[in-house]
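The values are calculated or read from the model by the stated rules, or taken from the named source; none is laboratory data. None of the values given here were measured: they were computed from a predicted structure. Cβ placement follows ideal geometry from the backbone for every residue including glycine, while neighbour counts extend to all protein chains displayed. All accessible areas refer to the heavy atoms of the entire protein, side chains included, with ligands and DNA or RNA removed. Shrake-Rupley method; radii C 1.70, N 1.55, O 1.52, S 1.80 Å.
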Amino acid sequence: MDKFISIPATGLGSLLVSASGIAGVAQASTTTVVITYKTGLIATITHATAGASVETERDAIVAAIESALQTPWTSPTKAIAAADLPFAVSAIAYSLLIQAAS
């Protein structure tokens, strides 16, 4: 069964992000956390500016993903409280990683 995390985004309400099929989670910049899925889909979570080398937003998202994956099948969504995120989320965008054939 698929699992999701619900992330509060300023002015947008809560947005769902899949917690299933993740290949990696990275703090890509001081304002973005990137979730890469095994399918090549990428979710870019934009948040308020963190300091250089500060990865607490990524850590909070990883903890929420781990928690979501541990819930019973009758609870497919794990909500993150705004207070549990070090920086306010402003947007979530999806893109597809396209690799050139070799």
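Where the accessible area of the chain is counted over protein heavy atoms with a 1.4 Å probe, how much of it, in %, is carbon and sulfur?
On the way: 3370 of 5710 Å².
On the chain, the fraction of accessible area on carbon and sulfur atoms equals 59 percent.
Close amide-amide hydrogen proximity is noted between K3 and A19, S20, each under 5 Å apart and 5 or more residues distant or on a separate chain (H modeled in the peptide plane; Pro and chain starts excluded). Of P72, A28, G40, which is farthest along the charge dipole of the chain in the positive direction, counting Lys and Arg as +1 and Asp and Glu as -1 at C-beta? Sorting the options by dipole projection puts first G40.
Once the C-beta distance of S14 and L96 is scaled by a Förster radius of 25 Å, the resulting FRET efficiency is 0.55 to the nearest 0.05. Amide H contacts of A91: T46, each under 5 Å away and 5 or more positions distant or on a separate chain (H built 1.01 Å from N in the peptide plane; Pro and chain starts excluded).
Per residue, the chain exposes 56 Å² of accessible surface when a 1.4 Å probe is rolled over the protein heavy atoms with every protein chain present.
Charging the Cβ of each Asp and Glu at -1 and of each Lys and Arg at +1, and nothing else, the dipole of the chain about its Cα centre rounds to 200 debye.
In the chain, Cα pairs under 8 Å separated by at least six residues give a relative contact order of 35 percent.
Working note: Cα atoms of the chain, range along each principal axis, descending, whole Å: 45, 37, 24. Computed from backbone phi, the HN-Hα couplings of region 37-46 come to 9, 4, 7, x, 5, 10, 10, 9, 9, 9 Hz, rounded to whole numbers (Karplus: 6.51 cos²θ - 1.76 cosθ + 1.60, θ = phi - 60°; Gly and Pro given as x). Here the Karplus relation 6.51 cos²θ - 1.76 cosθ + 1.60, evaluated at θ = phi - 60°, turns the backbone of region 18-30 into coupling constants of 5, 9, 9, x, 7, 8, x, 10, 9, 7, 6, 7, 6 Hz, with x for every Gly and Pro.
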